[in-house]
Amino acid sequence: MKSFILKTGAILKSRIFWLFITSVFLLIFLYAKTNFIFSNNITYNIGEETKKEENTLPPSASQGVLPLDKEAYDKKINELANNPLPVVPKPTAKQVKDPKTGKITLVSVPAPVVIPKPNLWPVKTVYPNAGALLPFNRIVAYYGNLYSTKMGILGQYPEDIMIPKLKEEVKKWKDADPSTPVVPALHYIVATAQGSKGVDGKYRFRMPGKEIDKVIAMAAKINGLVFLDIQVGLSNIQAELPLLDKYLKMDNVHLGIDPEFYMKTGAKPGTVIGTIDASEINYAEEHLAKIVQDNTLTPKILIIHRFTQKMVTNYKNIKILPEVQFVMDMDGWGPKAKKIGTYKQFVYKEPVQFTGFKLFYKNDILDKGTTLFTPTELLKLNPQPSYIQYQ
């Protein structure tokens, strides 16, 4: 009996010991788990299927895109502004004659106080989402349509000639500004204004999907971007833009709109210059922003071409969204002085966010003795263009 009691006591002591050890480890585990949960600011709703995570990373960061460096962003857009150095007046001296002695001495005159005019650039806007291409890169694009040899260099030459030419231009920009990486792009007119009504009377022709696919495949070979450009004719942006959603969901595909062929008066394209209003631009931006949000994409770029005052109305009402980067592209052609004047008048004076500059291989050098702008010359502009387009 005594032996049985001793054995039973030993067993109980052993069980109590292991129960104690198990309890200690359980308490350590619960403490660690609780501490981890609260340190990450995550709360779980007991009895519900959903959970709330207040400190999760943004979708773009979860895909390996680094958060926006705001300090680097501000520094770069100030560099792009390329504002002239302020003129600081210097003190002067004037001769003063002593009325008693007749002696002439020089007296220092303080410099006049000059209040400098505020710079129009850079524009103060919302910061873009993580992964924004601008202002950290410069985009150099070839423009045109594969069905036409006259609408731009993109359709003028076959791929095996056109792509090497684009690479040459990219290299020129890299050499002119080594501090800014250059991204090649193909700017494809996906809806072209027409001189004939077409089946629906809208004076525009939409490119078939197989042609768009060709351009996207070309761009992929050079790790380039694609801009799908719309000339709406007598249609409108609300009808044309959603048709491109399939492509705009791709992370390297962006948008261009050409107001020159936005014919709101019912006139045939090419007879008068068209126009687009800020409200329509805002529609396009909001449409792009939703695509970005729904598909967890980095910011899209929207190009608006311009070379007259009325081509863009109510520019101050254009919204800038974190999901969309806006570029006003100077689209005029002619000799250098004329193009600079157009840039100063219709791009510089009405700032929105970023700027572009279009170069025409043929029309810019029609006048005898004229030459195409070099990258070095265009980098002297105030502001410097972030988007360069060759036609």
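Considering the range 256-268, the residues that are more than 29 Å from the chain's Cα centre (by Cα) and of a type outside the set (Lys, Arg) include one that is surrounded by the fewest Cβ atoms within 10 Å (Cβ to Cβ), namely 266. Restricting the range 107-145 to residues that are polar (S, T, N, Q) and touching a helix residue (DSSP H, G or I) at 6+ places or on another chain (Cβ under 8 Å), which is nearest to residue 319 (Cα to Cα)? It comes out as 129.
Counting only strands (runs of 3 or more DSSP E) that fall entirely inside the range 88-178 and contain at least 3 residues that are hydrophobic (A, V, I, L, M, F, W, C), the qualifying elements are 104-109, 138-144. Screening residue 278 with (1) of a type in the set (A, V, I, L, M); (2) surrounded by 23 or more Cβ atoms within 10 Å (Cβ to Cβ); (3) under 27 Å from residue 201 (Cα atoms) gives one miss only, at (2).
Only a single criterion out of (1) in a loop (DSSP other than H, G, I, E, B); (2) touching a Leu at 6+ places or on another chain (Cβ under 9 Å); (3) β-branched (Val, Ile, Thr) is not satisfied by residue 388, namely (1).
Across the range 145-156, not a single residue is classified as more than 18 Å from residue 207 (Cβ to Cβ) and at pLDDT 95 or above.
Report, by residue number, each residue of the range 293-320 that is assigned to a loop (DSSP other than H, G, I, E, B) and of a type outside the set (Val, Ile, Thr). 297, 299, 307, 309, 310, 311, 314, 319 - these are the residues of the range 293-320 that are assigned to a loop (DSSP other than H, G, I, E, B) and of a type outside the set (Val, Ile, Thr). Within the range 221-250, the residues that satisfy the criterion of being assigned to a loop (DSSP other than H, G, I, E, B) and either of a type in the set (S, T, N, Q) or more than 23 Å from residue 146 (Cβ to Cβ) (or both) are 223, 231, 234, 235, 236. When 225, 244 are checked against the criterion of being surrounded by 14 or more Cβ atoms within 10 Å (Cβ to Cβ) and free of Cβ contacts under 8 Å to residues at least 60 places away in the same chain, a single residue qualifies: 244.
The values are calculated or read from the model by the stated rules, or taken from the named source; none is laboratory data. As the structure is a computational prediction, the values presented were derived from the model and not from experiment. In this analysis, Cβ positions are derived from the backbone assuming ideal geometry, glycine residues included, and neighbour counts consider all displayed protein chains.
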